[in-house]
Every structure is written in structure tokens, then in C-alpha cells.
Amino acid sequence: MEFKDYYKIMGVARDATEAQIKTAYRKLARKYHPDVSKEKDAEARFKDLGEAYEVLKNPEKRAAYDQLGQGPRPGEQFRPPPDWGSGFEFSGAGDQDGAYSDFFESLFGRQARGRGRGPHGYPFGGGHSADHHARVLLDLDASLHGGQRAFTLRVPALDAEGHVESKERTLNVQIPKGILAGQTIRLPGQGAPATEHGPAGDLFIEIEFQPHRYYRVDGRDLILTLPVAPWEASLGASVAIPTPGGAVQLKIPPGSHSGSKLRLRGRGIPATPPGDLYALLEIALPPATDDKAKAAYLAMAAAMPFNPRANLEV
Amino acid sequence: MTQSTLEALSGEIVEETTVLSIHEVSRICTVETSRIVELIDEGILAATLSEAGEWLLRGEALRRARIALRLQRDLEINLAGVALVLELLTEIEQLRRERLLGI
């Protein structure tokens, strides 16, 4: 497993004070909070940050971590020392929700209480009920077309000696067609099993989308960047475009330009009500790589007295 | 996420439930009901009182509730700050959409 340099993640010196660590955490948390940040890897950075802070803010855990030294060189495998854990006691299971890396868990144990983890998601939730909560990254096509997807969740279970260990559990879930990012699928009875204290809990799966090959998602609307040739934009054309319901012919009006947008009402995510699909035109220039193409460009230049810089006054 | 031979489980989309009781919202968000009442009192979540005097929320309030709770927890922002962040986030989303689509 990979060694994690918590000081480096938080951007603090190894002798940083508690106050410095707290300040660093606050600053980075604001920058990378997944609900606020538009940074590309915000979710992963925020997760690392939460883990680093969990260790460094706690004097017991920090002392234990410091005992490991600087860790192996980058890329080298890390294994906890054999005498690890003797002499340290960690109080509580931690009060912070969130997933911890294998590295963290090998040092400080797994977190108790109900948590699942999607194949790309991170577990969160907790609380004392029998419900389980997970957040998964879903491919957009599952929402556009419906269908089944298998998720592997990590759920806590008690072993024979009463220790908490996490077990993998694979679920095949029917994805409701038209589900939107931020929505939740509720699977009744799929949380913790029933006990003498109460009935089985439910499993709640919060959905986020992976980036799609060509659609961008805006709520229930889809945005498709549509490359067109200059003559298609200028003269008008009918071009084939993908939509969630299948390919359609889209009429490009004459005199269109880069940035022109065409709305296909009701062709977005098939939610209730369905979203719209926007085609954003982007003019693609054919390369002038052979004599024929060069001649065509020259003919155009000769035929059209066109000054694209007319408003620059030069 | 591949096709699997396991039996497929079907569920409902919680946000499409027209009305959620405050108990359901707090259960799904895994917080005490009082935390949701705080969000309602601050005007962060819209809710109506039932005849029995119980707060009822629309399904779509769930996403907003979750973001508000995460901001409180992760950034230790107070309620007024959370309300402000949510308003600014909505505004940023609108601006982004305007810039992209001109609508």
C-alpha cells in the first residue's frame, strides 16, 4: 500500500503547531470542498485532506504517525511495522464522516458504523440507524437509458470476536431512467439486516455522474458541442447529431456562427419533466494540407472581400 | 460497473417523492431532526407545517439540505454563512449557464 505523507498533503512542516494545522486545514478545505470547488480533483483532494487532518489534529494519532518517520521513498510499498499499535491507544472511532485510505486503516483501524463505498465513490453517512448510505459515480448513459449497474460497496460487519471489519458487497441495481446528479435511490431493506432491536435498514445511494464522452450536464439539461464546417454554418445544413433518444437530423440555419446555440426541447435527460438538449456550434476549419484544399481557400479569398479585423481600425 | 447476473434491485428516487416529513429528511441526512429545523428556521430550506404541526418538505429540498449540512460539518460555517454560500452558489450556477448558453 502507498505511504501517505500527511504533512505534505496539508502543506505544513513536520513541527507545525496545532493552530497552524488547523489554519491549513480550513484554507484547503474551503478550496477543495466538493460542494463548492470546481477544481478537477476536488473530491480526491478533499478526502486526502480530511484523512490528514484526522491524524494530525489528534495528538495520539499524530505521535503514532510521526513514529513511522518519513516513510518509504515515493512509489515504494509501505507496511506497518510489526510492533505497530503497541503503546498507543486511540480513543473513539473518530467523529468525522468520510472514507479513509487503506494506509489510514492499516494504522488506525476501520471506521465503525454504517458506511458503504461505491466503486469510485467515497463512503459517508454514519449515525446510529440501520440505514446504510453510499455515494457512487454513475455513467450518464445509465440515466439516459436506464438499465442495471453493479456496485461494490464496503459495509461494516462484526466478526466472531465482535471486531468491526468491512466486507465487500456487490449489488445489482436497476437505475431509474432520468435520475439526476445529486438524487438518491432508496433500496428498502438493503441496509443493515434486521436484529432483535429493529427491522432492517434501507440503503440510500446518492448519484453523481462521471464526465460523459460528449454531453455536458447542467441539471436536467444536456449540452453538446457540435463541430460544423464553415459552409454548413454559412449556408445552412442538416446534420446528424446524437440525442439520448437516438440520432436525429438537426437543421443548422444559414448564417450560424461559433457559439450559436440550438435548443432541442425535451431531448435532455429523460427526467420528469425532461430536460432540453442544447447544441453549441463550433466551427471547425478544414486543414489546407493539399493543393486542392489550398486552391479552394485561395478561390474563397479571391471571391469574398472579407476583413475579419474590420473593427480593429488598422 | 458492469452487467451482472445478480438479481436487480429496484428502488425509488427519493427526491421525486412529493412530500417528505422532517423525520424522513433527517433520517436520510443522518442528523437529528433539530438540525433540519435549524435549516428551516434560517430560511435555507422551504417547508410547510402540516395540520398535525409537523414540518413537511419537498423531495428536492434533500440535495440542498445535504450540501448545507456538509458545509456546516466540513468547513464549520455557521447557519448564516451556509445560507450565504448557498445563495452565492446558486448565483454562480446561473452566471455559468448564462455565459455558456446566453439564457
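The values are calculated or read from the model by the stated rules, or taken from the named source; none is laboratory data. None of the values given here were measured: they were computed from a predicted structure. Cβ coordinates were reconstructed from backbone atoms using ideal geometry, including for glycine residues, and neighbour counts include every protein chain displayed. The protein model used for the area step is the full one, side chains on, heavy atoms only, and it has no ligands, DNA or RNA in it. Shrake-Rupley method; radii C 1.70, N 1.55, O 1.52, S 1.80 Å.
Residues of segment A:294-314 that are of a type in the set (A, V, I, L, M, F, W, C) and either open to solvent by 80 Å² or more (accessible area, probe 1.4 Å) or on the phi > 0 side of the Ramachandran plot (or both): A:L298, A:M300, A:A302, A:M304, A:F306, A:L312, A:V314.
Tell me whether segment B:53-72 contains one or more residues that are farther than 25 Å from A:L28 by Cα, open to solvent by 90 Å² or more (accessible area, probe 1.4 Å) and in contact with a helix residue (DSSP H, G or I) (Cβ under 9 Å, 6 or more places away or on another chain). Within segment B:53-72, one or more residues are farther than 25 Å from A:L28 by Cα, open to solvent by 90 Å² or more (accessible area, probe 1.4 Å) and in contact with a helix residue (DSSP H, G or I) (Cβ under 9 Å, 6 or more places away or on another chain).
Only one of the listed residues (A:R216, A:R186) is within 14 Å of another protein chain (Cβ to nearest Cβ), closer than 30 Å to A:A130 by Cα, in contact with a strand residue (DSSP E or B) (Cβ under 9 Å, 6 or more places away or on another chain) and not in a loop (DSSP other than H, G, I, E, B). That residue is A:R186.
Taking B:V37, is it within 20 Å of B:L86 (Cα to Cα), in contact with a helix residue (DSSP H, G or I) (Cβ under 9 Å, 6 or more places away or on another chain), at pLDDT 90 or above and surrounded by 19 or more Cβ atoms within 10 Å (Cβ to Cβ)?
On the way: within 20 Å of B:L86 (Cα to Cα): yes; in contact with a helix residue (DSSP H, G or I) (Cβ under 9 Å, 6 or more places away or on another chain): yes; at pLDDT 90 or above: yes; surrounded by 19 or more Cβ atoms within 10 Å (Cβ to Cβ): no.
Taking the combined requirement at face value, the residue does not satisfy it.
The single condition from (1) more than 15 Å from A:L107 (Cβ to Cβ); (2) assigned to a helix (DSSP H, G or I) that A:K38 fails is (2). Taking the numbered list (1) within 12 Å of another protein chain (Cβ to nearest Cβ); (2) in contact with a Pro (Cβ under 7 Å, 6 or more places away or on another chain); (3) surrounded by fewer than 18 Cβ atoms within 10 Å (Cβ to Cβ) in turn, A:D202 passes all entries but (3).
Take the residues of segment A:154-179 that are assigned to a loop (DSSP other than H, G, I, E, B) and facing chain B (nearest Cβ under 8 Å): which is surrounded by the most Cβ atoms within 10 Å (Cβ to Cβ)? Spell out the reasoning first.
Within segment A:154-179, the first condition is being assigned to a loop (DSSP other than H, G, I, E, B), and the residues that meet it are A:159-163, A:176-179.
Now restrict to residues that are facing chain B (nearest Cβ under 8 Å): A:176, A:179.
Values: A:P176: 18, A:I179: 24.
Across segment A:154-179, the extreme among qualifying residues is A:I179.
Out of all the residues in segment A:257-265, is one or more farther than 27 Å from B:E16 by Cβ, away from chain B (no Cβ under 12 Å) and modelled with pLDDT under 95? Yes. When B:I13, B:I40, B:I67 are checked against the criterion of being among the hydrophobic types (A, V, I, L, M, F, W, C) and away from every other protein chain (no Cβ under 11 Å), a single residue qualifies: B:I40. Set side by side, the residues A:A52, A:A64 differ, and just one is at pLDDT below 90 and among the hydrophobic types (A, V, I, L, M, F, W, C), which is A:A64.
For segment A:226-247, which residues satisfy the criterion of being part of a helix (DSSP H, G or I) and either open to solvent by 70 Å² or more (accessible area, probe 1.4 Å) or among the small types (G, A, S) (or both)? Before you say what the answer is, go through the steps one by one.
We begin by selecting, within segment A:226-247, every residue part of a helix (DSSP H, G or I); these are A:230-235.
Matches in segment A:226-247: A:W231, A:A233, A:S234, A:L235.
Consider segment A:21-47. How many of its residues are touching a helix residue (DSSP H, G or I) at 6+ places or on another chain (Cβ under 9 Å) and polar (S, T, N, Q)? Within segment A:21-47, residues that are touching a helix residue (DSSP H, G or I) at 6+ places or on another chain (Cβ under 9 Å) and polar (S, T, N, Q) number 1.
For the residues A:L285, A:L298, A:L250, the requirement of being part of a loop (DSSP other than H, G, I, E, B) and more than 30 Å from the chain's Cα centre (by Cα) singles out A:L285. Among the residues of segment A:266-293, which ones are surrounded by 14 or more Cβ atoms within 10 Å (Cβ to Cβ), within 30 Å of B:E12 (Cβ to Cβ) and within 11 Å of chain B (Cβ to nearest Cβ)? Result: A:A271, A:D276, A:Y278. Within segment A:253-282, being in a loop (DSSP other than H, G, I, E, B), without any contact (Cβ under 8 Å) to a residue 24 or more places away in the chain and over 27 Å from the mean Cα position of the chain (by Cα) holds for A:P253, A:P254, A:G255, A:G259, A:R265. Against the conditions (1) loosely packed, with under 15 Cβ neighbours inside 10 Å; (2) more than 12 Å from chain A (Cβ to nearest Cβ); (3) more than 30 Å from A:G191 (Cα to Cα), B:R96 satisfies every one except (2). Is it the case that some residue within segment B:46-55 is within 12 Å of chain A (Cβ to nearest Cβ) and either of a type outside the set (S, T, N, Q) or in contact (Cβ under 8 Å) with a residue 12 or more places away in the chain (or both)? There is no residue in segment B:46-55 that is within 12 Å of chain A (Cβ to nearest Cβ) and either of a type outside the set (S, T, N, Q) or in contact (Cβ under 8 Å) with a residue 12 or more places away in the chain (or both).
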